[in-house]
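Enquirer: First the structure, which I've put down as structure tokens, then a few questions once you've had a look.
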Amino acid sequence: MLDLLMANKKIVICDFCFQHINAWTYREHVMFKHKVNLPDLNIEQKIVEDQKRIQMMKDIEEMAKLQSEKKIEKYKLIKPNLNEYSLPPDPFDEIMREINKEHKLKEELREKIKIKKKEEFEEFKSKIFEENTHTYNVIWDYISFDDNSIKINPQGIKAIVKPIYHKGIIKSLNTIKSEYFLRLYSKKIYKLSFFKGEFDSAKSPDWNKIIETIEFAKEYYLFKYSDFKNSGRTKIFNNLSNDEIILLFENLFARSSYLKYLASLQSKEFPIIPVLEYSNKNTEESFIFRFISKSGKIIIIWENVNDSRASHVFVLSKEKHDVILPLIEDFICTKSFDIKRSLLHGDNFISQDLKQKLNYHSGKRHIGLPLYKSEIKA
């Protein structure tokens, strides 16, 4: 085999798998089998070097063959007691071990170079990212809305940032920017990052807080400006504290001493519930207040923002609360009939049946705050 290789001066040895390869196909062999590109390979120089390696391998092979024939006799003469099956170390094996060791060292070196280049690339990429990333302090005054997108206009900053796409955003939220966002969250500051003007959510931990606030704001918009209560009760504003509810509807509480009084009685363990009362084909804003009496009963008071409308009081046990409250909300919100307050004031069979189901107690007219307070406390 080695004679044949020596006869053909265009054979080289693959540095990766040690196969004997035609010199003119060596580059393709390395590229396709070992996934290595050798743009600087000097094939003529490699032919010369590998012919020396092939000749060396031939010499080793011949020497090994000669030794295998004489080694037993030789060692028997030198060491008569040597087991006849004991053989001396094979020089060829030793040379192959050295070649494999060299190959392994080359592979380790290549791997270290790859790791180093990857680390350098990541460091370079991080540096470029940092140089082109800007973080802004954003308040609600800087934010405006479009359908499915949010626009950020940081004041005093010349940089232009692109709108942020987010499905579900509605342009109509601009209508409630002052009465909702600026009223409740004027002091809130959010950090948002942009890479070359493009929003980077991964570097903007406050983004989720903004989206959560917008989702709750959509509830308020629908409550105030849309036909929100087609049917059934509505559970909204659960994210707001009672103080925030009062602040959000500040203009309504400011004009009614009865609303302010009931808010002062409101138990901290219950949220104030804004509800839209459907009556005479119109909707009116009203609230449900709850507090616990001295006897441990839960007092529910339904109060319209119009002082000309009476308060309606429901009294129930804690065990019945989660069942009766939804019924009261449904009754207030439903469009099935218009004579709700008349039913509560009435005394016929239908009224009595309804009041029993709702645990209705009494109605309280607004004929003066001192008298009203005494009736509620009673």
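Enquirer: Taking the conditions exactly as written (at pLDDT 75 or above and of a type in the set (D, E, K, R)), does residue 107 satisfy them or not? First the steps, then the outcome.
Expert: Details: at pLDDT 75 or above: yes; of a type in the set (D, E, K, R): yes.
In short, yes.
Enquirer: Which one of these is in contact with a Leu (Cβ under 6 Å, 6 or more places away or on another chain) and either modelled with pLDDT under 85 or under 29 Å from residue 376 (Cα atoms) (or both): 253, 195? Give the steps one after another, and end with the answer.
Expert: Details: 195 fails: in contact with a Leu (Cβ under 6 Å, 6 or more places away or on another chain).
It is 253.
Enquirer: Evaluate the following for residue 307: is it without any contact (Cβ under 8 Å) to a residue 40 or more places away in the chain and surrounded by fewer than 19 Cβ atoms within 10 Å (Cβ to Cβ)?
Expert: Values: without any contact (Cβ under 8 Å) to a residue 40 or more places away in the chain: no; surrounded by fewer than 19 Cβ atoms within 10 Å (Cβ to Cβ): yes.
Here the answer is no, as residue 307 does not meet what is asked.
Enquirer: Quick check: anything in region 21-44 within 19 Å of residue 103 (Cβ to Cβ), free of Cβ contacts under 8 Å to residues at least 24 places away in the same chain and assigned to a strand (DSSP E or B)?
Expert: yes
Enquirer: Follow-up question, since we're still on this one. Quick one: residue 85 ticks every box in (1) surrounded by 10 or more Cβ atoms within 10 Å (Cβ to Cβ); (2) at pLDDT below 75 bar one, so which box is it?
Expert: (1)
Enquirer: Residue check, residue 130 against (1) out of contact with any Phe, Trp or Tyr (no Cβ under 6 Å at 6 or more places or on another chain); (2) modelled with pLDDT of 60 or more, all met but one. Which one?
Expert: (2)
Enquirer: Taking the options 317, 267, name whichever one is polar (S, T, N, Q) and either closer than 20 Å to residue 242 by Cβ or out of contact with any strand residue (DSSP E or B) (no Cβ under 9 Å at 6 or more places or on another chain) (or both).
Expert: Values: 317 fails: either closer than 20 Å to residue 242 by Cβ or out of contact with any strand residue (DSSP E or B) (no Cβ under 9 Å at 6 or more places or on another chain) (or both).
On inspection, the qualifying residue turns out to be 267.
Enquirer: Enumerate the helices (runs of 4 or more DSSP H) found wholly within region 238-292, keeping only those where 2 or more residues are more than 20 Å from residue 312 (Cβ to Cβ) and under 36 Å from the mean Cα position of the chain (by Cα). Outline the logic, then answer.
Expert: Working: elements: 242-248, 250-254, 257-265.
Once the helices (runs of 4 or more DSSP H) in region 238-292 are filtered for at least 2 residues that are more than 20 Å from residue 312 (Cβ to Cβ) and under 36 Å from the mean Cα position of the chain (by Cα), what remains is 242-248.
Enquirer: Just give me the residues in region 363-378 being touching a residue at least 12 places away in the same chain (Cβ under 8 Å) and either farther than 21 Å from residue 256 by Cα or part of a helix (DSSP H, G or I) (or both), in sequence order.
Expert: If we filter region 363-378 for residues that are touching a residue at least 12 places away in the same chain (Cβ under 8 Å), which is where we start, we get 363-366, 369, 372-373, 376.
Result: 369, 372, 373, 376.
Enquirer: Given the criterion under 30 Å from residue 10 (Cα atoms) and modelled with pLDDT of 60 or more, identify the matching residue among 55, 67.
Expert: Values: 67 fails: under 30 Å from residue 10 (Cα atoms).
That would be 55, the only listed residue that is under 30 Å from residue 10 (Cα atoms) and modelled with pLDDT of 60 or more.
Enquirer: Count, please, the residues in region 160-196 that happen to be among the hydroxyl-bearing types (Ser, Thr, Tyr) and farther than 18 Å from residue 137 by Cα.
Expert: Narrowing region 160-196 to residues among the hydroxyl-bearing types (Ser, Thr, Tyr): 165, 172, 175, 178, 180, 185-186, 190, 193.
Retained after the next criterion (residues that are farther than 18 Å from residue 137 by Cα): 165, 172, 175, 178, 180.
The number of residues fulfilling the criteria is 5.
Enquirer: Could we say that residue 229 is of a type in the set (D, E, K, R), buried (at least 18 other Cβ atoms within 10 Å of the Cβ) and at pLDDT below 90 here?
Expert: On the way: of a type in the set (D, E, K, R): yes; buried (at least 18 other Cβ atoms within 10 Å of the Cβ): yes; at pLDDT below 90: yes.
It is true that residue 229 is of a type in the set (D, E, K, R), buried (at least 18 other Cβ atoms within 10 Å of the Cβ) and at pLDDT below 90.
Enquirer: Could you count how many residues in region 356-378 are of a type in the set (A, V, I, L, M, F, W, C), surrounded by 13 or more Cβ atoms within 10 Å (Cβ to Cβ) and at pLDDT below 90?
Expert: The number of residues fulfilling the criteria is 1.
Enquirer: Can you tell me which of 353, 338, 322, 330 is within 48 Å of the chain's Cα centre (by Cα), surrounded by fewer than 15 Cβ atoms within 10 Å (Cβ to Cβ) and not in a loop (DSSP other than H, G, I, E, B)?
Expert: Working: 353 fails: within 48 Å of the chain's Cα centre (by Cα); 338 fails: not in a loop (DSSP other than H, G, I, E, B); 330 fails: surrounded by fewer than 15 Cβ atoms within 10 Å (Cβ to Cβ).
Being within 48 Å of the chain's Cα centre (by Cα), surrounded by fewer than 15 Cβ atoms within 10 Å (Cβ to Cβ) and not in a loop (DSSP other than H, G, I, E, B) holds for just one of 353, 338, 322, 330, which is 322.
Enquirer: For residue 202, work out the one condition from (1) modelled with pLDDT of 75 or more; (2) more than 30 Å from residue 222 (Cβ to Cβ); (3) surrounded by 12 or more Cβ atoms within 10 Å (Cβ to Cβ) it doesn't fulfil.
Expert: Condition not satisfied by residue 202: (3).
Enquirer: Do the conditions hold for residue 348, that is, is it exposed (fewer than 13 other Cβ atoms within 10 Å of the Cβ) and more than 39 Å from the chain's Cα centre (by Cα)? Steps first, answer last, please.
Expert: Working: exposed (fewer than 13 other Cβ atoms within 10 Å of the Cβ): yes; more than 39 Å from the chain's Cα centre (by Cα): yes.
Against the criterion (exposed (fewer than 13 other Cβ atoms within 10 Å of the Cβ) and more than 39 Å from the chain's Cα centre (by Cα)), residue 348 qualifies.
Enquirer: Taking residue 249 and the conditions (1) touching a residue at least 40 places away in the same chain (Cβ under 8 Å); (2) crowded, with 20+ Cβ neighbours inside 10 Å, which numbered condition does it fall short on, given that it satisfies the others?
Expert: It fails just one condition, (1).
Enquirer: Taking the criterion of being closer than 20 Å to residue 367 by Cα, in contact (Cβ under 8 Å) with a residue 60 or more places away in the chain and surrounded by 13 or more Cβ atoms within 10 Å (Cβ to Cβ), would at least one residue in region 273-289 satisfy it?
Expert: no
The values are calculated or read from the model by the stated rules, or taken from the named source; none is laboratory data. Because the structure is a prediction, the values reported are computed rather than measured. All Cβ positions, even for glycine, are placed from backbone atoms using ideal geometry, and neighbour counts span all protein chains on display.
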